[in-house]
Each structure stands twice: as structure tokens, then as C-alpha cells.
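Undergrad: Let me begin by handing over the structure; questions about it come next.
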Amino acid sequence: MADFAGAKRAMKQRLRDNWTATPIAFENEAAPVMDDGSGNLTPWIEFRVIADTANQWSIGSPGSNVMIDEGVIEITVFVPAGTGDDAATTHATALGEIWRNAEFYREDEGSCVRTLIPVVGRGSTATSENPEGVWWAIPVTTPYRFYHLA
């Protein structure tokens with residue numbers, strides 16, 4: 001039966017299947033290698049799924065009601081500070097295209113994830129990644145809707 005955990009796994013798998021340009025950091029997993037082995041920093045991305053709302057869109061028998069969970073897929077591109085924004089913006093744009101108006105995770109009848117239009121945000125010096133100030137970051141966010149029956 002389709003559930004949010006499965007939808008999130010499907011989102012991660014979609015990214016893995018469609019992105020090889022940089023290492024990927026997933027929540028609560030081992031950090032990717034962020035240098036080329038010679039001490040030179042290399043771009044990498046961080047993936048998060050943020051759930052915002054959940055609504056019931058129909059009324060009827062239990063197990064036959066349409067539920068819609070909504071939120072955003074947030075991917076942050078990190079590049080070494082001082083290297084400009086071209087590479088980060090190029091990566092963010094390409095990452096957004098993975099999600100643009102897509103439909104996947106059809107686990108059972110009445111279930112799927114639909115993604116909408118990605119937005120590349122404003123970049124800034126990253127203040128939360130160690131060591132602070134070494135990375136410049138730009139986010140790309142894509143709204144999603146997870147449809148399922150309950």
C-alpha cells in the first residue's frame with residue numbers, strides 16, 4: 001500500500017537514477033566525498049523532502065478516500081566559495097528538470113507523486129556547512145503532491 005515513506009523512497013530513487021554530476025547527501029546518511037582527493041573542493045548536492053500539508057479530498061468508505069500530502073523537494077547545490085555562480089546555477093537548473101511536471105510512484109490504484117514546476121532560488125554563502133564560509137549554495141525547490149487512498 002502506498003504511503004509517505006514509500007513516496008519519499010521513490011523521490012530519492014528518481015534522483016539517484018537521473019543525477020550523476022555530483023555526489024548526493026541524503027538526510028541522516030554518510031556525507032559524500034566533497035573533494036577530488038587532492039584537497040580541491042568539488043560541487044555536491046543535499047536532498048530533502050519537506051512535507052507541508054495533508055488533506056482529504058473525498059468523503060466515502062474508509063480505504064477509498066483520496067488523500068493528498070503536499071510539500072517541496074528541496075535540493076541545495078554547494079560549490080566552493082569564490083568560484084562564481086555559473087556551475088551552481090547550471091546544476092540547479094538541471095536538477096529542476098528531473099522533477100518538472102513528473103508523475104511517478106504508482107504503487108497501487110489511486111496513488112502517485114506528481115511534481116510541479118521547479119524554482120531556482122537565490123544563492124548565498126553557506127553558513128551551516130563545516131567549515132563555515134567555504135561553500136556557496138543555491139537551492140532549487142519543486143512542489144510535490146502525493147495522492148493516495150485511505
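Undergrad: Given the Cα-Cα distance of S38 and F4 and 0.36 nm per residue of separation, how much length would full extension add, in nm?
TA: Result: 8.2 nm gained on full extension.
Undergrad: Shifting gears a bit: Compute the helix-to-body angle for 4-18: its Cα long axis versus the longest principal axis of the chain, expressed 0 to 90° and rounded to tens.
TA: Its long axis makes an angle of about 40 degrees.
Undergrad: In the chain, which longest range has no trypsin sites (Lys or Arg not before Pro) that are both DSSP loop (not H, G, I, E or B) and surrounded by at most 13 other Cβ atoms within 10 Å?
TA: In the chain, the maximal stretch lacking such sites is 1-99.
Undergrad: Charges only on Cβ, +1 for Lys and Arg, -1 for Asp and Glu: so what's the dipole of the chain about the Cα centre, in debye to the nearest 20?
TA: Charge dipole, the chain, about its Cα centre: 320 debye, nearest 20.
Undergrad: Would you calculate a helix-derived [θ] at 222 nm for the chain, using -39,500 (n - 2.57) for each DSSP H run of n ≥ 4 and dividing by the full residue count, to the nearest 500?
TA: After summing the helix terms and dividing by the residues of the chain, the value is -6500 deg cm²/dmol.
Undergrad: Mind giving me the nanometre distance, one decimal, between the label points for I117 and V66, set 7 Å out from Cα along Cα→Cβ?
TA: 2.2 nm
Undergrad: Measure nothing but the geometry: give the 0 to 90° angle between the long axis through the Cα atoms of 86-99 and the longest principal axis through the Cα atoms of the chain, rounded to 10°.
TA: 10 degrees
None of the figures in this text is laboratory data; all of them are computed from the coordinates on show. Bear in mind that the values here come from a model prediction, so they are computed numbers and not experimental data. Don't worry about glycine lacking a Cβ; one is built from the backbone with ideal geometry, like all the others, and counts go over all protein chains shown.
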